[in-house]
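The values are calculated or read from the model by the stated rules, or taken from the named source; none is laboratory data. Given the structure is predicted, the values throughout are model-derived calculations rather than measurements. FYI the Cβ positions are ideal-geometry reconstructions off the backbone, even for glycines, and counts take in every protein chain you see.
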Amino acid sequence: MKNLIILLFVLYTSFSFSQNESKNDKVETMKIAFLTNKLNLTAKEAQLFWPLYNEYSQKMEALRKAKKSEYDEIKSKNGTPTDKEIAAYMEEVFLTKQKELDLQKEYYNKYVKILPLKKVAQLYQAENQFKKELLRIIKDKK
């Protein structure tokens with residue numbers, strides 16, 4: 001029952017946003033509702049989990065923006081980038097991927113301190129399911 005109330009609250013707040021809400025905000029709201037439903041968190045678990053998950057999401061987004069920035073920089077070069085520039089870019093890509101993996105490991109260790117291991121595993125499954133669902137929605141709109 002508590003989870004249903006949380007889900008309804010999340011859905012209500014998602015619909016009460018203005019029409020100018022960005023696509024990222026809409027996707028984030030959908031993700032919160034999806035994860036809330038899939039994880040079946042207790043009120044205490046939700047209180048501990050969501051601030052931690054939001055912190056993780058912000059850090060992961062910063063890493064992804066840095067990777068995109070590197071790509072945009074090499075793409076904006078006039079003409080064809082040199083082999084040296086491409087090699088430097090690829091090193092940055094690998095470094096960023098390693099940082100993402102390190103961040104995932106760090107937060108895994110934090111999650112298992114506040115959630116049962118089964119729910120932590122469900123989190124990763126639910127994130128993948130959400131990505132698939134989001135791609136399906138995007139595909140259906142085209």
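Evaluating Val120 against the criteria (1) of a type outside the set (Gly, Ala, Ser); (2) touching a helix residue (DSSP H, G or I) at 6+ places or on another chain (Cβ under 7 Å); (3) farther than 30 Å from Thr42 by Cβ leaves one unmet condition, (3).
For region 81-129, residues that are over 23 Å from Phe34 (Cα atoms), basic (Lys, Arg) and surrounded by fewer than 14 Cβ atoms within 10 Å (Cβ to Cβ) total 2. Mind counting the residues in region 77-92 that are charged (D, E, K, R) and modelled with pLDDT of 85 or more? So the count comes out to 4. Screening Ala121, Ala126 for residues that are among the small types (Gly, Ala, Ser) and either without any contact (Cβ under 8 Å) to a residue 12 or more places away in the chain or in contact with a Cys (Cβ under 6 Å, 6 or more places away or on another chain) (or both) leaves exactly one candidate, Ala121.
Residues considered: Leu101, Leu7, Leu48. Of these, the only one that is closer than 21 Å to Lys132 by Cα, part of a helix (DSSP H, G or I) and either more than 17 Å from the chain's Cα centre (by Cα) or modelled with pLDDT under 95 (or both) is Leu7. The single residue among Ala126, Ala121 that is in contact with a Lys or Arg (Cβ under 7 Å, 6 or more places away or on another chain), modelled with pLDDT of 95 or more and among the hydrophobic types (A, V, I, L, M, F, W, C) turns out to be Ala126.
Please verify whether Tyr56 is at pLDDT 90 or above and surrounded by 10 or more Cβ atoms within 10 Å (Cβ to Cβ), treating the condition exactly as stated. Spelling it out, Tyr56 is indeed at pLDDT 90 or above and surrounded by 10 or more Cβ atoms within 10 Å (Cβ to Cβ).
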